[in-house]
Amino acid sequence: MPSFKSCLASLALVALAFAPVNASKATSAGVVARNQHAERSVKSSAAVARRNAAAKALKKRAGRTTFAGRKTAAKGTSSSSNAAPVSKTDPYAANSAFLNTKAALAAAKIRCGTNAICRTKGPAAPANGDSFCIAGSCTFRCNDGYAPGGTDGTQCVPSQTQCGGVTCDVPQFGYATCNADGTCNIGCAAGYQRYSTNAAQTGPYYCFATQSDAANCGTPGNACPASYNGIGDSVCKFGTCRVSCPAGYALRKAQSSTNPYYCYNGQSSLGPA
């Protein structure tokens, strides 16, 4: 007959044999067993609130007309009585017949920095006209001695010489068209601005290229000064005087109120010491 100690030892061995099985079923309070899902407490955040507010705003705006829709609707009603009238006094106005042809509207969509871009990438200009880059967009202008006209105002025709029996005083680089009252309407070719010696701007008129003419830079009669050291040429860029330096020279500012720029290429370019 087994002893009492032997029975205790046998019970201990049996307990050890079943211990791993029970332990495998136990999990720590802070660890989630495999294939089990921990229950999390989900709270609404500021981001969720913002999304909900945005969704409500979208529903509220759903019935509004979009910008594209308004633009399409505007095209459909462009011929209505509310449409802006075509300008008859300024042949180069944005709503003029000359700049509202199919080709002119296509050219206006081209962004540019030089006239060459408009002349190579844009549609062909009317006969006796050319393409120009003005204010960053391509547009058409008639050549010197020609002005918008014709039966529908979309052609470049020879500038008028008389209106209502009166001879028009057409300046160089300018043109004349006849107003409805028979008076002369004086304009300037592309790149030129109209000026008058009369303070009331009633004529006589003159056309100056104040954005590019070194003899009339910014304003008529404002001649650009020469380079301080005599190297380089005086130029006018966008109405401001500068000096164009030869290759290898850098433009620098001089301490002079009359000749503020010079071209530098080493000490020798400054002249005798």
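The values are calculated or read from the model by the stated rules, or taken from the named source; none is laboratory data. What you see is a predicted model; the values in this text were computed from it and never measured. Cβ coordinates were reconstructed from backbone atoms using ideal geometry, including for glycine residues, and neighbour counts include every protein chain displayed.
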Within segment 105-156, tally of residues that are without any contact (Cβ under 8 Å) to a residue 40 or more places away in the chain, in a loop (DSSP other than H, G, I, E, B) and of a type in the set (D, E, K, R): 1
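In segment 146-190, which residue that is of a type in the set (Gly, Ala, Ser) and loosely packed, with under 15 Cβ neighbours inside 10 Å is modelled with the lowest pLDDT? Can you show your working first?
Step one: list which residues in segment 146-190 are of a type in the set (Gly, Ala, Ser), which gives 147, 149-150, 153, 159, 164-165, 174, 176, 180, 182, 187, 189-190.
Filter again for loosely packed, with under 15 Cβ neighbours inside 10 Å, leaving 150, 164-165, 180, 182.
Details: GLY150: 78, GLY164: 87, GLY165: 88, ALA180: 75, GLY182: 84.
Among them, the one singled out is ALA180.
Which one of CYS156, CYS184, CYS188 is within 27 Å of the chain's Cα centre (by Cα) and of a type in the set (A, V, I, L, M, F, W, C)? Explain how you work it out, then say what you get.
Values: CYS156 fails: within 27 Å of the chain's Cα centre (by Cα); CYS184 fails: within 27 Å of the chain's Cα centre (by Cα).
Unique residue meeting the criteria: CYS188.
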Cβ pairs under 7 Å, 6+ apart, first in segment 191-211 and outside the structural domain of VAL235 (by TED's automatic domain parsing), second among the acidic types (Asp, Glu) and surrounded by fewer than 19 Cβ atoms within 10 Å (Cβ to Cβ): GLY203/ASP169; PRO204/ASP169
Residue check, VAL170 in a strand (DSSP E or B) and of a type in the set (A, V, I, L, M, F, W, C): no
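Is there a residue being assigned to a loop (DSSP other than H, G, I, E, B), modelled with pLDDT of 90 or more and aromatic (Phe, Trp, Tyr) anywhere in segment 89-98? Let's see the steps before the verdict.
Of segment 89-98, the ones assigned to a loop (DSSP other than H, G, I, E, B) are 89-95, 97-98.
Cutting the leftovers down to modelled with pLDDT of 90 or more gives us 98.
Filter again for aromatic (Phe, Trp, Tyr), leaving 98.
Yes: one or more hits.
Could you go through segment 245-264 and let me know if any residue there is surrounded by 13 or more Cβ atoms within 10 Å (Cβ to Cβ) and under 23 Å from SER131 (Cα atoms). Steps first, please.
Narrowing segment 245-264 to residues surrounded by 13 or more Cβ atoms within 10 Å (Cβ to Cβ): 245, 249, 251-252, 254, 259-264.
This time we only want the ones that are under 23 Å from SER131 (Cα atoms), so: none.
No: segment 245-264 contains no residue that is surrounded by 13 or more Cβ atoms within 10 Å (Cβ to Cβ) and under 23 Å from SER131 (Cα atoms).
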